[in-house]
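What follows is a single structure, written as structure tokens, with notes after it.
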Amino acid sequence: MTVFAGLMGFGLVGLVVIGFEARAKKVSSLIDLKTCTPTPVVGVLPWQPGDAMTSQTVIESVDKLRSYVAQTWLTRGATTVAVTSPMGGEGKDFTAFGLASSLAASGLKTLLVDFDLKQPALHSLAGVPNNAGVCELLRGESDFRSTIQRLPSGLHFLTAGKWSEEARTAAVGGRLESLLSRLKEPFDCVIIHAHELLTAADSVEVARRCEVVLLCTLHRQTRTPFLRRAAERVASMEVPYTGVVYLGATAQEALC
């Protein structure tokens, strides 16, 4: 009975913590974001879910992020950039697709990889079906030549493919290391759209093997306790370069 009571007490404490975090403050401004984490803010995008990706203001802000990534990190030898977020629905798919498209448009041979294997979204943005991709490569069912597509924009794209338990177990260790090494060989840079950081172990496995990790946050969506926890997790990976991207910014904030 004593042990049972102790377990019940521990469970209640956990529920209280989860409940508090669920109701905790959300990021409400660029200034608010900068006070939440020491990780530098490297991109400020005036985009919200549902907004057009063709807005001139949005395009300019994405190009500004691309310039920072290229001039600050790629010139120092970095080639792989993981784009993730603390939780889902915080704009990492838009950020990954926009950044990769901008890099390709600037003349860099760029590969965009959808590594959100259970909830892939980039094929919809690219306007292509989710055919053979990362999952098939991990299972050894396809080769690189038949899976990597070249979009009309010049961007090279690798879909997530059809998820399975076998693909999940293969997305760690030596097989993952080999896959990422092969993907980097023919490209100037590889942008990896990863799963959200706090809900899937494979996102950590992928991110820690990259030279750059971008952590996406969304105005009035990202909760500050989750952001702090995600930033701490990224810091523990000892990745060479990290940064935060703030989405949902005002036009004035985007000028910063």
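Quick note: the coordinates plus some simple rules give every number you see, no bench work behind them. For clarity, every value in this text was computed on a predicted model and none was experimentally measured. Neighbour counts run over all protein chains shown; Cβ positions are idealised from the backbone, glycine included.
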**Request:** Work out which GluC sites (Glu not before Pro) in the chain are exposed loop sites (DSSP not H, G, I, E or B, at most 15 other Cβ within 10 Å) and give the longest gap free of them.
**Result:** 1-140
**Request:** Using only Cα positions of segment 66-193, each an equal point scatterer, no hydration layer, compute I(q)/I(0) via Debye at q = 0.14, 0.16, 0.20 Å⁻¹ and quote the log10 values to two decimals.
**Result:** -0.57, -0.75, -1.20
**Diffusion coefficient, µm² s⁻¹, Stokes-Einstein with Kirkwood Rh over alpha-carbon pairs of segment 115-183 at 25 °C and 0.890 mPa s** = 201 µm²/s
**Message:** If you average the alpha carbon positions of segment 75-145 and of segment 160-178, how far apart do those two centres end up, in angstrom?
**Reply:** 15 Å
**Asked** What are the lysines whose alpha-carbon lies under 20 Å from the alpha-carbon of residue 162, with same-chain residues fewer than 8 places away excluded?
**Response** 118
**Diffusion constant of segment 71-144 at 20 °C, which comes from Stokes-Einstein with the Kirkwood Cα-pair radius and 1.002 mPa s, µm²/s** = 154 µm²/s
**Asked** Lys/Arg Cβ at +1, Asp/Glu Cβ at -1, dipole of segment 122-256 taken about the Cα centre: which of 204, 180, 221 is farthest positive-ward?
**Response** 221
**Request:** Taking every pair of alpha-carbon atoms in segment 22-94, give the share separated by more than 16 Å as a whole percent.
**Result:** 62 percent
**Asked** Which semi-axes, in whole Å and largest first, does the equivalent ellipsoid of the chain have when worked out from the alpha carbon gyration tensor as the square roots of 5 times its eigenvalues?
**Response** 30, 25, 16
**Message:** Quick check of the Kirkwood formula: for segment 130-239, what is the inverse mean of 1/r over all pairs of different Cα atoms, in Å?
**Reply:** 15.3 Å
**Asked** What lysines could a cross-link reach from residue 34, if we take a straight Cα to Cα line under 26 Å and drop same-chain neighbours fewer than 8 places away?
**Response** 25, 26, 64, 92
**Message:** Give me Rg/Rg_expected for segment 214-253, where Rg uses Cα atoms only and Rg_expected = 2.2 N^0.38 Å with N residues.
**Reply:** 1.28
**Fill in**
segment 229-256 and segment 31-68 have their Cα centres apart by a whole-number Å value of 10 Å
**Prompt:** For segment 117-133, in order, what is each residue's ³J(HN,Hα) by Karplus, 6.51 cos²θ - 1.76 cosθ + 1.60 with θ = phi - 60°, in whole Hz (x at glycine and Pro)?
**Reply:** 5, 8, 10, x, 9, 5, 4, 5, 5, 7, x, 10, x, 7, 7, 3, x
**Request:** May I ask you to evaluate 6.51 cos²θ - 1.76 cosθ + 1.60, the Karplus curve with θ = phi - 60°, for each residue of segment 82-97 and list the ³J(HN,Hα) values in order in whole Hz, giving x for glycine and proline?
**Result:** 8, 10, 9, 7, x, 10, x, x, 10, x, 5, 5, 4, 5, 4, 5
